[in-house]
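The next block holds one structure in the form of structure tokens; read it before the comments.
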Amino acid sequence: MSNRIHPTAVVAASVRLGSGNTIGPFAVITGDVWLDDDNWIGAGVVIGATPEIRSLPHTEDGMGSGRGVRIGSGNVLREYAQVHAGSEQPTTIGDGGFIMNQVYVAHDCHLGDGVTLASSVLLAGHVQVGANANLGLGTAVHQRTVIGEGAMVGMSAAVTRDVPAFAKAYGNPARVRGANVVGSTRLGASREAAEALDRAYSGGDLAAADELVRRIRDEIAASS
């Protein structure tokens with residue numbers, strides 16, 4: 001299947017495209033960008049811009065410097081989302097992500113498969129977001145923070161420390177408030193394990209939480 005590229009979109013010759021991609025009006029994709037298959041790129045999306053780092057040189061048109069971007073398959077990037085090129089390694093987005101309007105993904109971020117970023121989420125440089133994590137409307141994440149797989153972060157949270165796998169966190173600053181029971185069970189975990197993890201996180205029992213996270217990972221793998 002061929003790619004559908006709106007006539008007003010700008011796709012640089014350096015960009016490598018798979019098949020079945022839809023690229024909307026006034027989108028700009030430039031630099032060392034790989035875009036695999038069946039992605040939907042909305043109006044005004046910018047992918048591959050120079051990292052926002054003072055010491056890095058900017059090209060004549062202000063675009064395309066850095067280590068590039070790697071995007072998997074089946075992602076949706078809604079209107080005016082921005083994904084900047086990496087500075088030390090490519091910025092990466094896995095498969096099946098849903099990135100809503102006006103999201104900012106800074107340089108060197110890594111997003112696993114199935115990540116959901118609600119409108120106006122802001123990820124600073126080098127942030128890692130695990131598979132199937134869900135970040136609520138207006139969440140801001142400090143640089144080099146890790147958000148574990150299957151985690152749920154509440155809207156308008158200011159994330160300044162790591163969020164463990166399958167946790168539920170919210171507030172300013174965000175704090176772990178229990179487990180993402182609904183999300184974990186939807187992924188294939190048993191309710192028993194998810195509720196036990198909720199109690200462990202709420203009670204600060206990290207040893208029990210680590211064991212339960214391993215159990216939930218096994219249950220999800222077995223159900224897939």
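Read-outs throughout are calculated quantities, based only on the coordinates presented, and are distinct from any laboratory measurement. In this text the structure is predicted, and so the values were computed from the model without any measurement. With ideal geometry, Cβ positions are generated from the backbone for all residues, glycine too; neighbour counts draw on all protein chains shown.
Annotations
- Estimated at 0.36 nm per residue, the fully extended path between Q89 and S2 surpasses their Cα-Cα distance by 28.4 nm.
- Counting beta carbons within 10 Å around each of V115, V146, V11 and listing the fewest first gives the order V146, V11, V115.
- Size estimate for the range 4-179 follows the Kirkwood approach: the inverse of mean 1/r over distinct Cα pairs works out to 15.8 Å.
- Distance from the alpha carbon centroid of the range 12-35 to that of the range 119-180 works out to 28 angstrom.
- Distance (nanometres) between label positions extended 7 Å along Cα→Cβ at V10 and S224: 3.8 nm
- Potential lengthening between T22 and R186 on full extension [0.36 nm per residue; Cα-Cα distance subtracted]: 56.1 nm
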